[in-house]
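Have a look at the structure below, then the notes.
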Amino acid sequence: MDAFIIHGGRRLRGTLRIHGSKNASLPLMAAALLTDEPVVLRDVPELSDIQNMCRLLESMGCEARWRVPHSAVTPRVVTVPAKVAVAGGGGGGASVAMGGSSGGGSRKVGAIPRAGSGSIDAMLAPPEDVNELTLHVTDPTSSKADYDIVRTMRASICTLGPILAKRGFARVSMPGGCNIGPRPVDLHIRGLKALGARISLDEGYIVAEAKRLRGARVFLGGPFGSTVLGTANVMSAATLAEGTTIIESAACEPEIEDLARMLNAMGARVTGAGSPRIVIEGVDELHGVDYTVMPDRIEAGTYIMAAAITNGDVILENCPIDSLVAVIDRLQEIGVEIEVPKDDCSKVDRLRETIRVASARRLEPVEMTTQPHPGFPTDLQAQLMALLCLADGNSVITEKIFPDRFMHTAELLRMGANITRNGPTAMITGVRRLIGAPVMASDLRASAGLIIAGLAARNVTTVHRVYHLDRGYERMETCLQQLGADIERVDRD
Ligand code: EPZ
């Protein structure tokens with residue numbers, strides 16, 4: 001089983017391109033079940049969760065074929081010296097050598113002002129050579145999502161709506177337990193039942209049947225707000241229902257907007273995605289599409305905090321800043337310098353921007369409560385906690401989405417942090433330094449928090465069970481190495 005060995009204390013520097021989003025890709029991939037034509041997805045991250053979804057789709061008769069450009073073998077990391085030399089003043093471009101097995105091509109970038117000399121408003125267009133995943137249903141006979149795959153990845157549940165809507169029958173294993181707390185799917189079932197599905201439970205499988213779903217008004221609000229994958233399931237299913245569906249208290253996450261964008265490109269009629277009310281006019285069929293996945297806001301937030309905790313100076317490309325407003329707000333509040341391109345509001349949704357993150361001092365404490373989007377995401381809670389362990393004072397974090405999501409706390413205490421927890425609230429008293437130690441990853445985002453702590457800690461941190469990380473971060477150790485971190489992956493059987 002792999003582990004990461006981190007020698008902490010190095011300032012991160014350089015440029016990194018943010019990968020496509022895991023949490024957008026999974027429901028986009030499931031939506032390929034809604035059509036008989038090929039669905040081509042670009043910039044899908046190469047993660048174990050994505051591989052598991054491919055396995056699941058293939059077991060349901062949907063072929064999955066990757067085209068990975070050779071330059072994707074190593075991450076597209078451009079090492080930019082601290083002071084960027086620009087040929088000629090304003091509009092002139094400078095060529096920057098690209099990392100990559102092919103030795104990298106050069107690519108014209110916009111004018112970048114000298115580092116540290118004011119705001120960055122140059123945009124680096126994302127490279128063309130992103131990977132491609134083609135999904136094509138060729139054998140619609142099996143509508144079963146097997147327990148053996150579903151137990152490895154809860155997001156398998158988002159195949160339920162598409163397969164039921166397209167084939168009239170689905171047998172999907174109930175997802176099991178999860179380290180971050182109870183994760184029922186009652187809202188998914190409530191939504192699909194409202195569209196006329198007959199649903200029962202049989203030997204741990206959700207069995208759903210409906211000759212054709214019927215449009216209806218569906219309320220998806222639960223005890224912790226709405227449900228992201230529940231909204232994805234019901235919205236996808238409603239695209240092929242007879243009549244109009246109105247989802248009330250829908251999740252407003254950017255990944256839902258991305259899904260709606262792709263569904264509409266397939267011929268669906270979805271309006272209101274990104275707001276709590278989504279309207280879907282059902283159609284008889286959907287066609288194929290060629291779609292580029294949105295960048296990963298949680299990966300971006302994680303690297304922003306890695307740069308901040310090391311007092312680094314990092315440029316992040318392909319960064320979905322408008323899906324990180326609450327995060328950028330909190331981080332600027334505690335003293336992290338985050339330079340974003342000048343905003344003349346000409347672009348409503350700034351999905352692929354270049355930002356600079358720098359920090360050169362001890363950060364301030366802060367209060368933060370996780371909330372559904374556009375609030376502070378629960379998937380960045382552990383990373384922020386690690387950062388606040390070194391802040392100058394007392395911070396308070398309240399976890400409102402998964403009240404038990406604190407597996408990382410005990411491990412941070414092992415590194416010398418000072419944290420007291422009371423139910424869904426943790427108080428973090430900043431310490432001068434963290435000390436490296438062997439720690440155990442328990443879930444995807446908790447492990448990212450431990451990596452961030454290890455980057456700043458004195459001595460050596462060994463993070464065990466990094467398979468958790470591989471579920472959501474593409475080649476994290478290589479990306480961090482390129483930014484100057486001393487981190488390596490070792491096999492620790
Ligand atoms: C998505 O999970 C994400 N996963 C999670 O990210 C993320 O933490 C979560 O949304 C919240 O933002 C993917 O997109 C693949 P929910 P999802 O249904 O949709 C309760 C990561 O690290 N609830 O929005 O499964 C539930 O228990 C993962 O990448 C019900 O009560 O989460 C929770 O308290 C971890 N009944 C709250 O709602 C239901 O039927 C929000 O859960 C469904 C959910």
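Bear in mind these aren't lab numbers, they're just calculated from the coordinates by the rules spelled out. Because the structure is predicted, anything quoted here is derived from the model rather than measured. Every residue, glycine among them, receives a Cβ derived from its backbone with ideal geometry; neighbour counts consider all protein chains shown.
Regarding the stretch 346-398, what is the average projected area of its C-alpha convex hull, in nm²? Kindly include the intermediate steps, with their values, before the conclusion.
Numbers: hull surface 20.5 nm².
Over every viewing direction, the Cα hull of the stretch 346-398 projects on average to 5.1 nm².
Whole Å is fine, so just give me how far the alpha carbon centre of the stretch 436-469 lies from that of the stretch 37-72. The stretch 436-469 and the stretch 37-72 have Cα centres separated by 28 Å.
At q = 0.09 Å⁻¹ the log10 of I(q)/I(0) for the chain amounts to -0.61, computed by Debye summation with a single uniform scatterer per C-alpha, solvent ignored. Past 28 Å, Cα to Cα, is the threshold; run K22/K347; K211/K400; K22/K144; K144/K193 against it and keep the listed order. Pairs exceeding 28 Å: K211/K400. Neighbour counting of Cβ atoms within 10 Å sorts the residues D186, D146, D290, fewest neighbours leading, into D186, D290, D146. Sort out for me the Cα centre separation of the stretch 305-363 from the stretch 187-243, rounded to whole Å. Distance between centres, Cα-based: 37 Å. Here the label points at R42 and E203, each 7 Å from Cα along the C-beta direction, are separated by 4.5 nm in the simple model. Placing +1 on the Cβ of every Lys and Arg and -1 on the Cβ of every Asp and Glu, with nothing else charged, gives the stretch 232-284 a dipole about its Cα centre of roughly 80 debye.
About its Cα centre, the chain has a charge dipole of approximately 720 debye under the convention of +1 per Lys or Arg Cβ and -1 per Asp or Glu Cβ, with nothing else charged.
Remark on the stretch 421-486: Rg and Dmax equal 13.0, 39 Å (Cα only). Listed from fewest to most Cβ neighbours within 10 Å, the set S249, S143 follows the order S249, S143. Per-residue ellipticity at 222 nm from helix content only, as computed over the chain with -39500 (n - 2.57) for each DSSP H run of at least four residues, stands at -7500 deg cm²/dmol.
Which of the peptides 267-273, 404-410 is most tightly packed, and how do the rest follow, going by the mean number of other Cβ atoms within 10 Å of each residue?
Values: 267-273: 18.6, 404-410: 20.3.
Ranking the peptides 267-273, 404-410 by packing returns 404-410, 267-273.
Working from label points 7 Å from Cα in the Cα-to-Cβ sense, the T429 to T369 distance is 2.5 nm.
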